[in-house]
Amino acid sequence: MQKKALITVGVLFCASLFAMAQENRSEISVQATGVFTKSVTSNGTTYGATESGGLLGNYRYHLNRWLSVEGGYGYTLDTQKYTLSSGAFRLQSGIHQFTGSLVMNLPSYHHSRVAPYVLAGGGALLFEPTSSQFNSISNAPSQAKGAFTYGAGLNYAFYKGLSVRAEYRGLLYSAPDFGFGGLTTNSVTHTAMPSVGLSLRF
């Protein structure tokens, strides 16, 4: 009797794993992004950044029909700009973006090719100054800033698990100062990241 029960449990467990595998819960995406940062002014210092482009990659795991979790990495290269009464400073930086988000999949028509979603989460931005000769400050250290991320987007399926993804993502974080007191604004800035790319669900 116990042997039959164990066999039954084992069969049900394997069947559930197989069913989960058939549900195509994993999804990866690669997106080209625009990067637009809002200027802020405080403590006599104005902070801004040049507009640039970047790349964003995500792995999304679908917990059920409505909810997913996502981990992402992005990279862009732009110049941080500071304006003080004493002058203007520029610091070109590579920016690494590490985020984790909860994704809510919104309702759509049955068998619709369009799958909209919204997301919210957090993470960190790592600013790494380059050795550009145009930098006003030399040997500036890297600096990490915590970030809140939110966004919305949609996937348009065009071939099996392959979709075109269009997304808007926003990041809120404290303006970087690279440890230099004169560059500190103590202000929260916002970066808008519209993007388009491809996603594959498997």
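The values are calculated or read from the model by the stated rules, or taken from the named source; none is laboratory data. Worth saying up front: this structure is predicted, and the values here are computed from it rather than measured. Methodologically, a virtual Cβ is constructed for each residue, glycine included, from the backbone with ideal geometry; neighbour enumeration extends over all protein chains shown.
What do you reckon, is THR149 touching a residue at least 40 places away in the same chain (Cβ under 8 Å), closer than 17 Å to THR79 by Cβ and buried (at least 19 other Cβ atoms within 10 Å of the Cβ)?
Answer is no for this residue.
What are the residues in segment 114-136 that are among the polar types (S, T, N, Q) and either touching a residue at least 40 places away in the same chain (Cβ under 8 Å) or in contact with a His (Cβ under 8 Å, 6 or more places away or on another chain) (or both), if any?
THR130, SER132, ASN135, SER136, listed by residue number.
Which of the residues that make up segment 155-170 are in contact (Cβ under 8 Å) with a residue 40 or more places away in the chain and either within 15 Å of the chain's Cα centre (by Cα) or more than 16 Å from SER68 (Cα to Cα) (or both)?
Once the filter is applied, which keeps residues that are in contact (Cβ under 8 Å) with a residue 40 or more places away in the chain and either within 15 Å of the chain's Cα centre (by Cα) or more than 16 Å from SER68 (Cα to Cα) (or both), segment 155-170 yields TYR156, ALA157, PHE158, GLY161, SER163, ARG165, GLU167, ARG169.
I'd like the full set of residues that are out of contact with any helix residue (DSSP H, G or I) (no Cβ under 9 Å at 6 or more places or on another chain), outside any strand (DSSP E or B), within 30 Å of SER138 (Cβ to Cβ) and of a type in the set (A, V, I, L, M, F, W, C), limited to segment 170-202.
Within segment 170-202, PHE178, PHE180, LEU183 meet the criteria.
For residues that are exposed (fewer than 15 other Cβ atoms within 10 Å of the Cβ) and either within 17 Å of the chain's Cα centre (by Cα) or assigned to a strand (DSSP E or B) (or both), tally how many sit in segment 58-68.
3
Taking only segment 127-158 into account, find how many residues are assigned to a strand (DSSP E or B), touching a Lys or Arg at 6+ places or on another chain (Cβ under 8 Å) and closer than 21 Å to ALA175 by Cβ.
Filtering segment 127-158 for residues assigned to a strand (DSSP E or B) gives 127-129, 143-158.
Restricting the remaining residues to those that are touching a Lys or Arg at 6+ places or on another chain (Cβ under 8 Å) gives 127, 149-151, 153-158.
Okay, now just the ones that are also closer than 21 Å to ALA175 by Cβ, so 127, 149-151.
Residues meeting the conditions: 4.
Can you find a residue that is of a type outside the set (Gly, Ala, Ser), modelled with pLDDT of 95 or more and touching a Lys or Arg at 6+ places or on another chain (Cβ under 9 Å) anywhere in segment 6-24?
no
Return the residues of segment 86-104 that are within 21 Å of the chain's Cα centre (by Cα) and either among the hydroxyl-bearing types (Ser, Thr, Tyr) or modelled with pLDDT under 95 (or both); say none if nothing qualifies.
SER93, THR99, SER101
So for segment 104-115 (the condition being of a type in the set (D, E, K, R) and farther than 18 Å from ALA175 by Cα), does at least one residue qualify?
Within segment 104-115, one or more residues are of a type in the set (D, E, K, R) and farther than 18 Å from ALA175 by Cα.
Could you tell me which of the residues PHE134, PHE158, PHE148 is of a type in the set (Phe, Trp, Tyr) and either in contact with a Ser or Thr (Cβ under 7 Å, 6 or more places away or on another chain) or within 15 Å of GLN92 (Cβ to Cβ) (or both)?
On the way: PHE158 fails: either in contact with a Ser or Thr (Cβ under 7 Å, 6 or more places away or on another chain) or within 15 Å of GLN92 (Cβ to Cβ) (or both); PHE148 fails: either in contact with a Ser or Thr (Cβ under 7 Å, 6 or more places away or on another chain) or within 15 Å of GLN92 (Cβ to Cβ) (or both).
So the residue among PHE134, PHE158, PHE148 that is of a type in the set (Phe, Trp, Tyr) and either in contact with a Ser or Thr (Cβ under 7 Å, 6 or more places away or on another chain) or within 15 Å of GLN92 (Cβ to Cβ) (or both) is PHE134.
Just need a number here: residues in segment 106-123 that are at pLDDT 85 or above and outside any strand (DSSP E or B). Walk me through how you get there before you give the answer.
Within segment 106-123, the first condition is being at pLDDT 85 or above, and the residues that meet it are 106-107, 112-123.
Checking which are outside any strand (DSSP E or B) leaves us with 106-107, 112-113.
Number satisfying all stated conditions: 4.
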